[in-house]
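Worksheet for the structure shown next.
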Amino acid sequence: MSQSYVIVGDGIAGASAAETLREEEPDADITIITDEGEPLYNRILIKEFAKGKLPEAPISIHDESWYDDRDVDLELNTLVTDIDPEGHTITAHDGTEYDYDKLLLAIGGTPTQLPVENSDAEGIHHFWTFQDARDIKEHIEGADNSVVIGAGLLGIDLAAITAAQEVEGKYLMRGKAWWRYALSEEGAEIIHEALRERNVEPVFDSGVDHFEVDDDDRVTTAVDPNGDRYDADFVGIAIGLNFNTEILGGTDIEYDNGIYTDEFMRTNHDDIFAAGDITEFHDLILGDRAQNGAWGSAKEQGTIAAKNMVDYGSEEFRWVSSYSITHFDFPFLSFGHPTLGDDHVEAKYSDTEWRRLAIKDGKIVGGVLIGDLSPQTKYKKLMREQVDVSGQKEILVKQDFQLDDLEGAAAEQ
Ligand SMILES: Cc1cc2nc3c(=O)[nH]c(=O)nc-3n(C[C@H](O)[C@H](O)[C@H](O)COP(=O)(O)OP(=O)(O)OC[C@H]3O[C@@H](n4cnc5c(N)ncnc54)[C@H](O)[C@@H]3O)c2cc1C
(Lines give C-alpha, C1' and ligand atoms only; values in the text may rest on other atoms or scores of the structure.)
Protein backbone atom coordinates (compact mmCIF):
# COMPACT_ATOMS: atom_id res chain seq x y z
CA MET A 1 0.00 0.00 0.00
CA SER A 2 1.29 3.47 -0.79
CA GLN A 3 2.26 5.78 2.05
CA SER A 4 0.34 8.94 2.73
CA TYR A 5 2.34 12.07 3.53
CA VAL A 6 0.74 15.31 4.70
CA ILE A 7 2.72 18.55 4.89
CA VAL A 8 1.40 21.61 6.69
CA GLY A 9 2.97 24.80 5.30
CA ASP A 10 3.90 25.57 1.69
CA GLY A 11 6.86 27.79 2.48
CA ILE A 12 10.32 26.77 1.30
CA ALA A 13 10.61 24.03 3.96
CA GLY A 14 7.28 22.39 3.13
CA ALA A 15 7.64 22.75 -0.65
CA SER A 16 11.18 21.30 -0.67
CA ALA A 17 9.92 18.39 1.39
CA ALA A 18 7.11 17.75 -1.13
CA GLU A 19 9.61 17.79 -3.99
CA THR A 20 11.96 15.37 -2.24
CA LEU A 21 9.15 13.05 -1.16
CA ARG A 22 7.93 12.78 -4.75
CA GLU A 23 11.47 12.00 -5.97
CA GLU A 24 11.94 9.36 -3.27
CA GLU A 25 8.47 7.81 -3.44
CA PRO A 26 6.88 7.99 -6.90
CA ASP A 27 3.67 6.27 -5.75
CA ALA A 28 3.02 7.98 -2.43
CA ASP A 29 0.00 10.17 -1.71
CA ILE A 30 1.29 13.65 -0.94
CA THR A 31 -0.83 16.56 0.29
CA ILE A 32 0.44 20.03 1.11
CA ILE A 33 -1.78 22.43 3.03
CA THR A 34 -1.35 26.17 3.48
CA ASP A 35 -3.47 28.92 4.94
CA GLU A 36 -2.03 31.35 2.39
CA GLY A 37 -3.92 31.99 -0.84
CA GLU A 38 -1.00 31.35 -3.17
CA PRO A 39 1.58 28.61 -3.62
CA LEU A 40 5.30 28.92 -2.82
CA TYR A 41 6.90 32.27 -3.57
CA ASN A 42 10.31 33.66 -2.73
CA ARG A 43 9.90 35.26 0.67
CA ILE A 44 13.41 36.68 0.47
CA LEU A 45 12.47 38.74 -2.60
CA ILE A 46 9.21 40.27 -1.40
CA LYS A 47 11.22 43.21 -0.02
CA GLU A 48 12.49 43.94 -3.54
CA PHE A 49 8.88 43.98 -4.74
CA ALA A 50 7.91 46.40 -1.92
CA LYS A 51 10.89 48.60 -2.82
CA GLY A 52 9.54 48.82 -6.35
CA LYS A 53 12.61 47.05 -7.77
CA LEU A 54 10.94 43.82 -8.94
CA PRO A 55 7.55 43.00 -10.46
CA GLU A 56 5.36 40.21 -9.05
CA ALA A 57 6.12 37.47 -11.57
CA PRO A 58 9.72 36.53 -10.68
CA ILE A 59 8.83 36.30 -6.99
CA SER A 60 6.49 33.38 -7.52
CA ILE A 61 8.37 30.05 -7.43
CA HIS A 62 5.61 27.49 -8.08
CA ASP A 63 2.29 27.91 -9.78
CA GLU A 64 -0.49 25.40 -9.21
CA SER A 65 0.58 23.34 -12.23
CA TRP A 66 3.87 22.52 -10.46
CA TYR A 67 1.85 20.52 -7.91
CA ASP A 68 -0.41 18.97 -10.56
CA ASP A 69 2.61 17.88 -12.57
CA ARG A 70 3.97 16.03 -9.54
CA ASP A 71 0.62 14.66 -8.44
CA VAL A 72 0.80 16.60 -5.16
CA ASP A 73 -2.55 17.75 -3.74
CA LEU A 74 -2.29 21.44 -2.88
CA GLU A 75 -4.85 22.88 -0.48
CA LEU A 76 -4.76 26.69 -0.44
CA ASN A 77 -6.58 28.92 2.08
CA THR A 78 -6.77 26.03 4.52
CA LEU A 79 -5.81 26.59 8.13
CA VAL A 80 -4.97 23.45 10.08
CA THR A 81 -6.39 23.81 13.57
CA ASP A 82 -5.93 20.41 15.23
CA ILE A 83 -3.56 17.48 15.25
CA ASP A 84 -4.42 14.05 16.60
CA PRO A 85 -1.11 12.17 16.77
CA GLU A 86 -2.71 8.95 18.03
CA GLY A 87 -5.38 8.91 15.33
CA HIS A 88 -2.90 10.07 12.64
CA THR A 89 -5.30 12.81 11.59
CA ILE A 90 -5.24 16.57 11.26
CA THR A 91 -8.28 18.83 11.01
CA ALA A 92 -8.71 22.07 9.10
CA HIS A 93 -10.73 25.14 10.07
CA ASP A 94 -13.69 23.96 7.95
CA GLY A 95 -13.77 20.56 9.67
CA THR A 96 -12.08 18.64 6.85
CA GLU A 97 -9.96 15.80 8.18
CA TYR A 98 -6.75 14.55 6.56
CA ASP A 99 -5.33 11.15 7.49
CA TYR A 100 -1.59 10.67 7.32
CA ASP A 101 0.99 7.96 7.76
CA LYS A 102 3.69 10.62 8.18
CA LEU A 103 3.12 14.29 8.94
CA LEU A 104 5.48 17.23 8.39
CA LEU A 105 4.91 20.50 10.24
CA ALA A 106 6.61 23.29 8.26
CA ILE A 107 4.51 26.06 9.73
CA GLY A 108 6.99 28.88 10.41
CA GLY A 109 6.10 31.96 12.40
CA THR A 110 3.86 35.02 12.45
CA PRO A 111 5.13 38.56 13.15
CA THR A 112 4.88 39.59 16.79
CA GLN A 113 2.47 42.45 17.43
CA LEU A 114 3.72 45.43 19.39
CA PRO A 115 1.70 45.47 22.63
CA VAL A 116 1.08 49.23 22.76
CA GLU A 117 -1.95 51.48 22.32
CA ASN A 118 -3.24 51.80 18.73
CA SER A 119 -0.76 49.29 17.30
CA ASP A 120 -3.56 47.90 15.13
CA ALA A 121 -4.30 51.30 13.52
CA GLU A 122 -4.50 51.75 9.76
CA GLY A 123 -1.09 52.43 8.25
CA ILE A 124 0.83 50.14 10.63
CA HIS A 125 2.37 47.16 8.85
CA HIS A 126 4.01 43.89 9.75
CA PHE A 127 6.05 42.01 7.19
CA TRP A 128 6.00 38.30 6.44
CA THR A 129 3.81 37.43 3.45
CA PHE A 130 3.64 38.47 -0.18
CA GLN A 131 0.28 40.03 0.64
CA ASP A 132 1.97 42.10 3.37
CA ALA A 133 4.48 43.26 0.73
CA ARG A 134 1.69 44.28 -1.65
CA ASP A 135 -0.02 46.28 1.12
CA ILE A 136 3.28 47.90 2.12
CA LYS A 137 4.13 48.85 -1.45
CA GLU A 138 0.72 50.36 -2.12
CA HIS A 139 0.87 52.42 1.06
CA ILE A 140 4.51 53.53 1.08
CA GLU A 141 4.30 54.86 -2.48
CA GLY A 142 1.92 57.58 -1.28
CA ALA A 143 3.39 58.14 2.20
CA ASP A 144 4.96 61.38 3.45
CA ASN A 145 6.97 60.16 6.41
CA SER A 146 7.68 56.87 8.08
CA VAL A 147 8.72 55.18 11.30
CA VAL A 148 10.29 51.72 11.46
CA ILE A 149 10.59 49.70 14.65
CA GLY A 150 12.67 46.57 15.13
CA ALA A 151 16.47 46.72 14.97
CA GLY A 152 17.03 43.37 13.31
CA LEU A 153 17.24 41.67 9.93
CA LEU A 154 13.59 42.28 8.98
CA GLY A 155 13.43 45.79 10.43
CA ILE A 156 16.25 46.84 8.15
CA ASP A 157 14.29 45.53 5.16
CA LEU A 158 11.44 47.84 6.12
CA ALA A 159 13.87 50.74 6.54
CA ALA A 160 15.37 49.95 3.11
CA ILE A 161 11.88 49.93 1.58
CA THR A 162 11.13 53.42 2.93
CA ALA A 163 14.54 54.55 1.61
CA ALA A 164 14.03 53.03 -1.84
CA GLN A 165 10.60 54.67 -2.06
CA GLU A 166 12.22 57.98 -1.05
CA VAL A 167 10.06 58.46 2.03
CA GLU A 168 11.84 60.27 4.85
CA GLY A 169 12.11 57.93 7.82
CA LYS A 170 12.99 57.50 11.47
CA TYR A 171 14.25 54.09 12.57
CA LEU A 172 13.54 53.77 16.30
CA MET A 173 15.85 51.36 18.16
CA ARG A 174 15.89 50.29 21.79
CA GLY A 175 19.67 50.36 22.38
CA LYS A 176 22.52 52.28 20.85
CA ALA A 177 23.07 50.07 17.81
CA TRP A 178 21.26 48.19 15.08
CA TRP A 179 21.15 44.40 15.82
CA ARG A 180 23.02 44.99 19.06
CA TYR A 181 23.09 41.28 19.94
CA ALA A 182 25.28 40.49 16.91
CA LEU A 183 27.13 43.74 16.17
CA SER A 184 29.11 46.14 18.33
CA GLU A 185 28.42 49.86 18.09
CA GLU A 186 31.47 50.21 15.86
CA GLY A 187 30.23 47.63 13.39
CA ALA A 188 26.64 48.86 13.52
CA GLU A 189 27.80 52.41 12.78
CA ILE A 190 28.58 51.30 9.21
CA ILE A 191 24.92 50.36 8.84
CA HIS A 192 23.72 53.55 10.59
CA GLU A 193 25.75 55.68 8.21
CA ALA A 194 24.38 53.85 5.17
CA LEU A 195 20.85 54.43 6.47
CA ARG A 196 21.50 58.14 7.05
CA GLU A 197 22.80 58.46 3.48
CA ARG A 198 19.42 57.11 2.38
CA ASN A 199 17.44 59.62 4.46
CA VAL A 200 16.57 57.12 7.21
CA GLU A 201 17.65 58.44 10.60
CA PRO A 202 18.45 55.90 13.32
CA VAL A 203 17.08 57.03 16.70
CA PHE A 204 18.75 55.26 19.66
CA ASP A 205 17.46 54.44 23.16
CA SER A 206 13.99 54.79 21.71
CA GLY A 207 11.08 52.50 20.75
CA VAL A 208 7.34 53.08 20.91
CA ASP A 209 5.23 53.85 23.93
CA HIS A 210 2.04 54.36 21.91
CA PHE A 211 0.74 55.52 18.55
CA GLU A 212 -1.59 58.44 17.95
CA VAL A 213 -4.33 58.16 15.33
CA ASP A 214 -6.70 60.51 13.48
CA ASP A 215 -10.51 60.33 13.39
CA ASP A 216 -10.34 57.56 10.76
CA ASP A 217 -8.12 55.47 13.01
CA ARG A 218 -5.11 56.08 10.77
CA VAL A 219 -1.72 56.37 12.42
CA THR A 220 -0.33 59.90 12.58
CA THR A 221 2.45 59.77 15.20
CA ALA A 222 4.68 57.37 17.08
CA VAL A 223 5.47 58.50 20.62
CA ASP A 224 8.55 56.93 22.13
CA PRO A 225 9.13 56.09 25.82
CA ASN A 226 11.04 59.37 26.25
CA GLY A 227 7.96 61.29 25.14
CA ASP A 228 9.54 62.22 21.78
CA ARG A 229 7.04 62.35 18.93
CA TYR A 230 7.65 61.20 15.37
CA ASP A 231 5.09 62.00 12.67
CA ALA A 232 4.44 59.01 10.46
CA ASP A 233 1.67 58.06 8.08
CA PHE A 234 3.52 54.78 7.40
CA VAL A 235 4.79 52.55 10.22
CA GLY A 236 6.63 49.25 9.78
CA ILE A 237 7.09 46.91 12.73
CA ALA A 238 9.44 43.89 12.79
CA ILE A 239 10.12 42.97 16.40
CA GLY A 240 10.33 39.21 15.93
CA LEU A 241 8.23 36.15 15.19
CA ASN A 242 5.74 34.17 17.23
CA PHE A 243 6.21 30.62 16.07
CA ASN A 244 2.97 28.95 15.00
CA THR A 245 2.83 26.42 17.82
CA GLU A 246 -0.78 26.97 18.81
CA ILE A 247 -1.95 23.91 16.84
CA LEU A 248 0.18 21.75 19.11
CA GLY A 249 -1.95 22.61 22.14
CA GLY A 250 -3.67 19.49 23.43
CA THR A 251 -1.03 17.20 21.92
CA ASP A 252 2.09 15.88 23.63
CA ILE A 253 4.36 16.99 20.77
CA GLU A 254 7.31 18.62 22.52
CA TYR A 255 7.94 22.29 21.83
CA ASP A 256 9.02 25.47 23.48
CA ASN A 257 9.73 28.49 21.26
CA GLY A 258 9.65 26.07 18.31
CA ILE A 259 9.03 22.36 17.80
CA TYR A 260 11.74 20.11 19.21
CA THR A 261 13.33 17.77 16.66
CA ASP A 262 16.38 15.57 16.53
CA GLU A 263 19.03 15.94 13.81
CA PHE A 264 16.78 13.91 11.48
CA MET A 265 14.01 16.49 11.91
CA ARG A 266 11.78 14.03 13.78
CA THR A 267 9.72 15.16 16.76
CA ASN A 268 9.08 13.01 19.83
CA HIS A 269 6.44 11.21 17.70
CA ASP A 270 7.83 8.64 15.28
CA ASP A 271 5.49 9.73 12.49
CA ILE A 272 5.64 13.49 12.97
CA PHE A 273 8.48 15.60 11.60
CA ALA A 274 9.09 19.35 11.50
CA ALA A 275 11.22 21.59 9.27
CA GLY A 276 12.14 25.22 8.73
CA ASP A 277 11.90 28.24 11.00
CA ILE A 278 9.49 26.40 13.32
CA THR A 279 12.08 23.87 14.53
CA GLU A 280 14.22 23.91 17.61
CA PHE A 281 16.46 21.20 16.21
CA HIS A 282 19.38 19.33 17.70
CA ASP A 283 22.26 21.26 16.15
CA LEU A 284 25.13 18.82 15.68
CA ILE A 285 27.63 21.65 15.22
CA LEU A 286 26.57 23.63 18.28
CA GLY A 287 25.98 20.49 20.36
CA ASP A 288 22.77 22.08 21.58
CA ARG A 289 19.23 22.91 20.58
CA ALA A 290 19.07 25.76 18.03
CA GLN A 291 16.63 27.59 15.82
CA ASN A 292 17.49 29.10 12.42
CA GLY A 293 15.55 31.79 10.59
CA ALA A 294 16.98 31.60 7.11
CA TRP A 295 15.83 30.49 3.70
CA GLY A 296 18.71 28.10 2.92
CA SER A 297 18.42 26.37 6.25
CA ALA A 298 14.63 25.95 5.90
CA LYS A 299 15.07 24.50 2.40
CA GLU A 300 17.69 22.03 3.58
CA GLN A 301 15.61 21.01 6.60
CA GLY A 302 12.62 20.32 4.33
CA THR A 303 14.76 18.08 2.14
CA ILE A 304 16.34 16.27 5.09
CA ALA A 305 12.98 15.83 6.83
CA ALA A 306 11.52 14.25 3.68
CA LYS A 307 14.42 11.80 3.36
CA ASN A 308 13.99 10.74 6.97
CA MET A 309 10.22 10.46 6.65
CA VAL A 310 10.89 7.86 3.96
CA ASP A 311 13.87 6.22 5.66
CA TYR A 312 14.50 7.37 9.21
CA GLY A 313 18.17 7.92 10.04
CA SER A 314 19.21 8.17 6.39
CA GLU A 315 20.57 11.74 6.49
CA GLU A 316 21.25 14.20 9.29
CA PHE A 317 20.91 17.98 9.25
CA ARG A 318 24.33 19.52 9.66
CA TRP A 319 24.37 23.03 8.29
CA VAL A 320 25.85 26.47 8.78
CA SER A 321 23.11 28.93 8.01
CA SER A 322 23.76 32.25 6.19
CA TYR A 323 21.75 35.42 5.78
CA SER A 324 22.84 38.30 3.58
CA ILE A 325 21.65 41.90 3.23
CA THR A 326 21.89 43.56 -0.16
CA HIS A 327 20.45 47.02 0.49
CA PHE A 328 23.71 48.91 0.62
CA ASP A 329 26.77 49.55 -1.57
CA PHE A 330 28.77 47.10 0.58
CA PRO A 331 27.86 43.43 1.13
CA PHE A 332 26.71 42.12 4.53
CA LEU A 333 26.52 38.51 5.68
CA SER A 334 25.72 36.86 8.97
CA PHE A 335 26.32 33.15 9.43
CA GLY A 336 25.72 30.53 12.09
CA HIS A 337 24.54 31.92 15.41
CA PRO A 338 26.18 35.36 15.67
CA THR A 339 24.19 36.31 18.78
CA LEU A 340 25.44 33.33 20.80
CA GLY A 341 28.82 32.63 22.36
CA ASP A 342 30.79 33.31 25.52
CA ASP A 343 33.52 35.25 23.70
CA HIS A 344 34.00 37.17 20.49
CA VAL A 345 36.61 38.92 18.39
CA GLU A 346 36.14 41.77 15.98
CA ALA A 347 38.10 44.11 13.75
CA LYS A 348 37.41 47.14 11.62
CA TYR A 349 39.43 47.57 8.42
CA SER A 350 37.82 50.65 6.81
CA ASP A 351 34.67 52.76 6.90
CA THR A 352 32.78 49.95 5.18
CA GLU A 353 34.68 46.83 6.21
CA TRP A 354 34.31 45.07 9.56
CA ARG A 355 34.12 41.53 10.96
CA ARG A 356 33.01 39.91 14.19
CA LEU A 357 33.14 36.25 15.15
CA ALA A 358 31.15 34.72 18.02
CA ILE A 359 33.01 31.99 19.90
CA LYS A 360 31.66 29.38 22.33
CA ASP A 361 33.84 26.96 24.25
CA GLY A 362 36.78 27.93 22.02
CA LYS A 363 34.90 27.28 18.75
CA ILE A 364 33.38 29.63 16.19
CA VAL A 365 29.58 29.50 16.38
CA GLY A 366 28.72 32.39 14.08
CA GLY A 367 29.73 35.78 12.80
CA VAL A 368 28.97 38.91 10.86
CA LEU A 369 30.99 40.15 7.88
CA ILE A 370 30.59 43.61 6.40
CA GLY A 371 32.36 44.78 3.27
CA ASP A 372 34.39 41.71 2.38
CA LEU A 373 32.62 38.35 2.42
CA SER A 374 35.56 36.38 1.03
CA PRO A 375 36.64 34.81 4.37
CA GLN A 376 33.20 33.29 4.95
CA THR A 377 34.15 29.91 3.48
CA LYS A 378 37.08 29.59 5.89
CA TYR A 379 35.08 30.62 8.94
CA LYS A 380 32.23 28.29 8.03
CA LYS A 381 34.67 25.43 7.54
CA LEU A 382 36.19 26.05 10.97
CA MET A 383 32.70 26.18 12.44
CA ARG A 384 31.42 23.08 10.64
CA GLU A 385 34.50 21.11 11.67
CA GLN A 386 34.29 22.44 15.24
CA VAL A 387 37.95 23.47 15.21
CA ASP A 388 39.27 24.73 18.54
CA VAL A 389 40.58 28.25 17.97
CA SER A 390 41.30 28.98 21.66
CA GLY A 391 44.11 31.48 22.13
CA GLN A 392 44.20 32.33 18.42
CA LYS A 393 41.21 34.56 18.05
CA GLU A 394 43.18 37.66 16.98
CA ILE A 395 44.67 35.66 14.09
CA LEU A 396 41.14 34.93 12.87
CA VAL A 397 40.48 38.59 12.18
CA LYS A 398 43.70 39.37 10.33
CA GLN A 399 42.43 41.07 7.19
CA ASP A 400 43.89 38.45 4.85
CA PHE A 401 43.31 35.52 7.24
CA GLN A 402 44.24 32.08 5.84
CA LEU A 403 43.51 28.72 7.47
CA ASP A 404 47.27 28.02 7.47
CA ASP A 405 47.76 30.95 9.85
CA LEU A 406 46.26 28.86 12.66
CA GLU A 407 48.62 26.73 14.70
CA GLY A 408 48.33 23.15 15.89
CA ALA A 409 45.18 21.12 15.37
CA ALA A 410 43.42 23.99 13.68
CA ALA A 411 46.09 24.39 11.01
CA GLU A 412 45.75 20.73 10.01
CA GLN A 413 42.12 21.25 8.94
C1 LIG B 1 10.70 40.08 4.30
C2 LIG B 1 11.57 38.89 4.58
C3 LIG B 1 12.87 38.89 4.14
C4 LIG B 1 13.71 37.81 4.39
N5 LIG B 1 14.97 37.85 3.91
C6 LIG B 1 15.77 36.76 4.09
C7 LIG B 1 17.07 36.73 3.55
O8 LIG B 1 17.52 37.69 2.91
N9 LIG B 1 17.82 35.61 3.72
C10 LIG B 1 17.34 34.54 4.40
O11 LIG B 1 18.05 33.53 4.52
N12 LIG B 1 16.11 34.53 4.94
C13 LIG B 1 15.31 35.62 4.80
N14 LIG B 1 14.06 35.64 5.35
C15 LIG B 1 13.65 34.50 6.19
C16 LIG B 1 13.18 33.34 5.33
O17 LIG B 1 12.27 33.81 4.39
C18 LIG B 1 12.57 32.29 6.24
O19 LIG B 1 13.57 31.81 7.12
C20 LIG B 1 11.98 31.12 5.44
O21 LIG B 1 11.08 31.57 4.48
C22 LIG B 1 11.29 30.14 6.40
O23 LIG B 1 10.65 29.17 5.64
P24 LIG B 1 9.63 28.15 6.32
O25 LIG B 1 9.14 27.30 5.21
O26 LIG B 1 10.24 27.53 7.50
O27 LIG B 1 8.45 29.06 6.92
P28 LIG B 1 7.44 30.05 6.19
O29 LIG B 1 8.00 30.59 4.95
O30 LIG B 1 7.00 31.00 7.25
O31 LIG B 1 6.23 29.11 5.77
C32 LIG B 1 5.33 28.58 6.69
C33 LIG B 1 4.00 28.48 6.01
O34 LIG B 1 3.09 27.74 6.82
C35 LIG B 1 1.84 28.37 6.82
N36 LIG B 1 1.12 27.94 8.02
C37 LIG B 1 1.46 28.20 9.31
N38 LIG B 1 0.57 27.62 10.17
C39 LIG B 1 -0.34 26.99 9.39
C40 LIG B 1 -1.49 26.22 9.69
N41 LIG B 1 -1.88 25.99 10.95
N42 LIG B 1 -2.23 25.73 8.66
C43 LIG B 1 -1.84 25.94 7.37
N44 LIG B 1 -0.74 26.67 7.03
C45 LIG B 1 0.00 27.19 8.03
C46 LIG B 1 2.20 29.84 6.79
O47 LIG B 1 1.14 30.67 6.38
C48 LIG B 1 3.34 29.85 5.80
O49 LIG B 1 2.88 29.94 4.48
C50 LIG B 1 13.21 36.70 5.12
C51 LIG B 1 11.89 36.70 5.58
C52 LIG B 1 11.07 37.79 5.30
C53 LIG B 1 9.65 37.79 5.77
Spatial separation of Cα centroids for segment 8-86 and segment 87-160, in angstrom: 17
Relative contact order for the chain, counting Cα pairs under 8 Å that sit 6 or more residues apart, in percent: 14
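Using alpha carbons only, what's the Rg to Rh ratio of the chain with Rh from Kirkwood?
Working: Rg = 22.4 Å, Rh = 22.7 Å.
Checking Rg against Rh, the ratio lands at 0.99.
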Protection-proxy order for peptides 299-306, 28-35, each taking the mean of Cβ atoms within 10 Å per residue, highest first: 299-306, 28-35
Of all DSSP beta bridges in the chain, antiparallel share, percent nearest 5: 55
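Given segment 122-235, what percent of its DSSP beta bridges are antiparallel, to the nearest 5? Don't skip to the answer; put the middle values down first.
Working: 7 of 20 bridges.
For segment 122-235, the DSSP antiparallel bridge percentage is about 35.
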Amide H within-cut-off set for Glu117, under 5 Å, with H built and near neighbours excluded: Phe211
Spacing of the two label points (7 Å from each Cα toward its C-beta) at Leu76 and Glu138, in nm: 1.7
Rounded Å value of the spacing that divides the Cα centres of segment 336-413 and segment 183-237: 33
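Rounded, prolate or oblate for segment 129-171? Axes are the square roots of the Cα gyration tensor eigenvalues, ordered a ≥ b ≥ c, and the cut-off for rounded is a/c under 1.5.
On the way: a/c = 2.03, a/b = 1.06, b/c = 1.92.
Verdict is oblate for segment 129-171.
In square angstrom, what is the accessible area per residue of the chain with a 1.4 angstrom probe?
Details: 17690 Å² over 413 residues.
For the chain, the per-residue accessible area is 43 Å².
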Contour excess over end-to-end distance, with Cα ends at Asp101 and Asp400 and 0.36 nm allotted per residue: 102.4 nm
Reduced Cα scattering model of segment 328-403, Debye log10 I(q)/I(0), q = 0.11, 0.14, 0.20, 0.21 Å⁻¹: -0.23, -0.37, -0.77, -0.86
Cut-off under 5 Å, modelled amide H: who pairs with Asp288 long-range: Asp283
Spin-label pair Lys381/Leu54, simplified geometry with 7 Å Cα→Cβ offset, distance in nm: 3.1
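What percentage of the solvent-accessible surface of segment 1-125, computed with a 1.4 Å probe over protein heavy atoms, is contributed by carbon and sulfur atoms? Walk me through the numbers before you get to the answer.
Working: 2450 of 5740 Å².
Its accessible area is 43 percent carbon and sulfur atoms.
Given a Förster distance of 22 Å, report the FRET efficiency between Thr112 and Glu193 from their Cβ-Cβ distance, rounded to the nearest 0.05.
On the way: r = 28 Å, r/R0 = 1.29.
Calculated value: 0.20.
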Principal axes of segment 122-235: Cα extent on each, largest first, Å: 42, 32, 23
Stretchable slack from Asp69 to Asp27, in nm (0.36 nm times residue separation minus alpha-carbon distance): 13.8 nm
Three-way shape call for segment 106-160 based on the alpha-carbon gyration tensor, with the a/c threshold at 1.5: rounded
Asp217-Arg289 FRET efficiency (beta carbon distance; Förster radius 35 Å; 0.05 resolution): 0.25
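Restricting to Cα pairs below 8 Å that are 6+ residues apart, what does the relative contact order work out to for segment 328-403? Please round to a whole percent. Write down the numbers at each step before the final one.
Working: 135 pairs, mean separation 23.2, N = 76.
For segment 328-403, the relative contact order is 30 percent.
The values are calculated or read from the model by the stated rules, or taken from the named source; none is laboratory data. Note that the structure is a prediction, hence the values are computed from the model and not measured. Glycine also receives a Cβ, built like all others from the backbone with ideal geometry; neighbour counts cover every protein chain displayed. Ligands, DNA and RNA are excluded from the accessible area calculation, which covers all protein heavy atoms including side chains. Shrake-Rupley method; radii C 1.70, N 1.55, O 1.52, S 1.80 Å.
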